[in-house]
1. Given R₀ = 35 Å, what would the calculated FRET efficiency be for Leu99 paired with Val10, taking r from the Cβ atoms and rounding to 0.05?
2. Given Cβ point charges of +1 (Lys, Arg) and -1 (Asp, Glu) and nothing else, what value in debye, to the nearest 20, does the dipole of region 77-120 about its Cα centre take?
3. Report the FRET efficiency, 1/(1 + (r/R0)^6), for Leu38 and Lys84, where r is their Cβ-Cβ distance and R0 is 22 Å, rounded to 0.05.
4. In region 77-120, if the dipole is taken from +1 on Lys/Arg beta carbons and -1 on Asp/Glu beta carbons about the Cα centre, which of Ala83, Pro105, Val116 is farthest to the positive end?
5. Once phi is turned into ³J(HN,Hα) by the Karplus curve 6.51 cos²θ - 1.76 cosθ + 1.60 with θ = phi - 60°, what whole-Hz value does each residue of region 129-137 show in order, with x for glycine and proline?
6. Could you tell me the largest-minus-smallest coordinate of the C-alpha atoms of region 77-120 on each of the three principal axes, in descending order and whole angstroms?
7. Which trypsin sites (Lys or Arg not before Pro) from region 14-51 combine a DSSP loop assignment with at most 15 other Cβ atoms within 10 Å?
8. Report the Rg/Rh value for region 233-291, based on alpha-carbon coordinates and the Kirkwood definition of Rh.
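Bear in mind that the values in this text are calculations on the coordinates, not laboratory data. Please read these numbers as outputs of a predicted model, since none were measured by experiment. Every residue, glycine among them, receives a Cβ derived from its backbone with ideal geometry; neighbour counts consider all protein chains shown.
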Amino acid sequence: MLKSMTGFGVVQGKVSGKRVVVETKSVNHKFCEVNLRLSQRYSPLEGRIVEFTKSFFTRGRIDILLREEPHQASVGIARIDLAKLKAYQKTLKSAARALKLKEEPSLSTLLGLPEVVVTEEIDDLGKIWEEVHTLLKESFVSLEKMRKKEGAGLTEFLQEQLRDLGREAQKIEKEVPVNIENHQKTLSERIQKLTLGIDVDPQRLAAEVAYFVDRSDISEELQRLNSHSKHFSNILKDSGPHGRKLDFLLQEMNREVNTLSAKAQSADISQMVVECKHLLEKMREQVQNVE
């Protein structure tokens, strides 16, 4: 069963006692590209997250958002930044003298200024990674579930288009003898008009028809098209990342269709080829989203 490269997964949990949300979404891409948006405290884990993501997914652009829920009280060790405290005190004293104020800033006022009291959290990266890893995996599994569901739809669509392509190929194959017969008839009529009733050597006419048959023989192209179609169908039943294989096969099938169109020299066959190319193009658009 094929898998799509499009999906979305979101989970909530706790890391070091804080509520965390992990959102993972993916879209189609030739390779596996990972893009991260992390809260600052998780930036040391960036390399591990990318490595784990690439071990889980084969293809697609994977966007990961890992954020902490706002307005959560920090738990840690508080310390006073003496350098900032002294700088604030000096600035406020200068302002007081300039304003000719006798009051000096109190300690409680200074401690309430921004970034004077700093809460230092003691992070155990190993423990944090274990918790983040668990949430990431849950998010990936949710995303993968959606990718499989999308893949089932893609598989059904491609199978239907493949059946239609097979029917068009059968029509073309049935049209070949008719095309040869029509050419023989047209050739005979033209020769009779040009020779004004003079008997024509039937062997010469047969030789011309044989030349046309040889030049317009599309049996090999139809055989290769049928072989590629069977290979394509077998891949649709298999699991694994097959997007590139399917894309290559569609290129080969399109090449065979173009060749038989050029060789057949028939307006009816050309119309059938147009339908074949239309079906192949619809398949190619969808295959771009297959992992």
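1. The computed FRET efficiency comes out at 0.05.
2. 320 debye
3. Result of the calculation: an efficiency of 0.20.
4. About the Cα centre, the residue reaching furthest to the positive side is Pro105.
5. Calculated HN-Hα couplings, in order: 4, 4, 6, 5, 4, 4, 5, 4, 4 Hz.
6. Principal extents (Cα only, largest first): 39, 16, 12 Å.
7. Lys30
8. Ratio value, two decimals: 1.07.
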